[in-house]
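Below you'll find the structure, written out as C-alpha cells, and then a few comments.
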Amino acid sequence: MKLDIFDYVYNKGLPDEWRVEEWQLSKTNLIVGKNASGKSKIVRAIYTLSELLSNSRSLLPQSKSYEWRLLFDIERSEEKTEYILKIEKGLVIKEKLIIGSKSDRQLLNRDESGKGTILAKELNRKINFQTDQTELAVVKRRDSIQHPFLEKLYQWSNSLRFYEFGTELGKNFIWAPPFPRDRELSKNEIKVKDARSVVGIFVLGKQEFRERFTEAIISDMTKIGYQLSEVGIKVPSSINSDISAADSSEDLPQSLYIKEADLTSVTEQAEISQGMFRALSLFIQINYSLLASKPSCIVIDDIGEGLDYQRSSSIIKILIKKAETGLIQLIMTTNDEFIMNGVPLKYWSLIERTPGSAKLHNIYNSREKIEEFKFIGLNNFDLFTSEFLLQKKGDEEAE
C-alpha cells in the first residue's frame, strides 16, 4: 500500500487546534519548513497512527482529541482504500474503512458506542459487531478468513519504520547476547521497530543475511565518505577490562565497532562520532528492513542532522535510490540548506504555516509555481528562503 493522502486534526474546535490540510504524497517526499513549522509533528502523527493500527500502543491521552483521514492507492480504483479514525478523550468516536470505487464499499463502520458493521467475506454479507470504545475495530476484528481486507492496513502500519535522525539512534545502548550464547536469535527477541535496538538488529541481520548484509552497510558508508573495511560487534573495552583472563567474555554485553581502512585499530561504538554513528545506525536498520521485510514506508525526521554538506547530500541520494529500487515510500523532514539543494524539487513539500494549521505545497497543488521557479536559475534553498511558493498572485504583481 502507498499512502497518497494524509489529513489530520488535533484538538478540533479547541484553542490549541492544529491540523494538516489535505496533503498528497509522492513515492519520495521531503518536508521542508522553518523551525517550529510542524515538520516533526506531521511525521509523528503518521507514525502514531501506524502504532495504533499495528496494535503497538494503546489509545492516546484522555484529555486530547485526534482525527485522521488516510487514502491509499488512489490510482488503482478497485484497491483505493480510505480509513477514517476519530479519538476523543481516550475513546474511539468514529472509525470507517472504505475500499474500492463502487458505491457500497464501506466495509467497516463503527460509532462512538463501539457498535458497528463489517463485511464478512465467507458469509458474503455485513454483520453487526460490538467493540470496546478503547479499541480499534480494524485491530480487534482482524481475521484473515472473514475480514481479509484488514490485513493490508495492518501490514502497512506494522512495516512502517520511523527514525529520528537528530537523536542518538541507539548509540547509548548495548546488547545482551541470548542464552545459550551459540543459539540463533528469534525475530521476536529484537524490537526491530525500535531504533535503539540497533546492535541487536545488526546481529539479527548478520545471522540471516551474513556477508550480504555487512557488505551493504559498508558500501553505503563508503558512498557518504566513510571508508570502512569492517563492521562488527565486540565486548566494550570498558567492560572487558573489568574481567579477569580466566572469565569468559562470550556472555557479556556487546556493542558495535568499525574499522576504518586507513587505521590499524578498531573504533568502538562509544568512540564513534555522533554524526557517523547516526549514519551507521540508519544504514544498519534500513538495510535490514529492506532485506528482511520490505517496509511499506520509511519515515526519517531531521535527515542529515549532524553531517557535513557532502555526507548529508550523499545520504539523501542513497535513500532515494533505495526507495525507488526497493519499491517503498520515503518521507523525510529537514530545514538544512545542504539537504534542500541536494533533493530535486519534485520531491519537496514546503510547509505554509498559518495559525492552527499547516498546508504543504508540492507538485500536486503548486506545479505551475515550481516549474516557474526552475526557469529563474536559483538553487533550491532560494525557493525556501524567498517563500516563492507561498506568494499569492497579488503579491507578485505588487513586486
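Over the chain, with a Gaussian network built from C-alpha contacts below 10 Å, which listed residue (92, 299, 235) shows the highest mean-square fluctuation?
The residue that fluctuates most here is 235.
Name the residue, out of 145, 318, 370, whose mean-square fluctuation peaks in a Gaussian network model built on the chain with Cα pairs under 10 Å.
145
For residue 107, what residues show an amide H to amide H distance below 5 Å, using hydrogens built from the backbone and excluding near sequence neighbours?
Under 5 Å from the amide H of residue 107: 97, 98, 99.
At q = 0.13, 0.17 Å⁻¹, what is the base-10 log of I(q)/I(0) for region 187-277 according to the Debye formula with one equal point scatterer per Cα and no solvent? Please give it to two decimals.
Summing over Cα pairs of region 187-277 leads to -0.50, -0.84.
Which cross-chain or sequence-distant (5 or more) residues have an amide H under 5 Å from the amide H of residue 149, H modelled 1.01 Å from N in plane?
Excluding prolines and chain starts, which carry no amide H, there are no hits.
If you count the DSSP beta bridges with both ends in the chain, what percent of them are antiparallel, to the nearest 5?
The antiparallel fraction comes to roughly 75 percent.
Of 77, 238, 313, which is the most mobile in a GNM of the chain whose springs link Cα atoms less than 10 angstrom apart?
238
For region 1-82, I need the span (max minus min coordinate) of the C-alpha atoms along each principal axis, in Å, sorted largest to smallest.
The Cα atoms of region 1-82 stretch 39, 32, 24 Å along the principal axes, largest first.
How big is the charge dipole of the chain about its Cα centre, in debye rounded to the nearest 20, if each Lys and Arg gets +1 on its Cβ and each Asp and Glu gets -1 on its Cβ? Working shown, then result.
Numbers: 56 positive and 59 negative charges, 287 e Å.
Here the chain has a charge dipole of around 1380 debye.
Mean separation of Cα pairs under 8 Å and 6+ residues apart, divided by the residue count of region 55-159: what relative contact order is that in percent? Can you show the working numbers first?
Working: 195 pairs, mean separation 17.7, N = 105.
For region 55-159, the relative contact order is 17 percent.
Which values of log₁₀ I(q)/I(0), to two decimal places, follow from the Debye formula for region 55-159 at q = 0.14, 0.17 Å⁻¹ with a uniform point scatterer at every Cα?
Values returned for q = 0.14, 0.17 Å⁻¹ are -0.53, -0.79.
Once amide H atoms are built 1.01 Å from N in the peptide plane, which residues 5 or more positions from residue 164, or in another chain, come under 5 Å H to H?
Under 5 Å from the amide H of residue 164 lie the amide H atoms of 301, each far enough along the sequence or on another chain.
Read the figures in this text as sums done on the coordinates, not as results from a lab. Just so it is clear, the model here is predicted, and its values are computed rather than measured. Quick reminder, even Gly has a Cβ in these numbers, built from the backbone with ideal geometry, and neighbours come from all protein chains shown.
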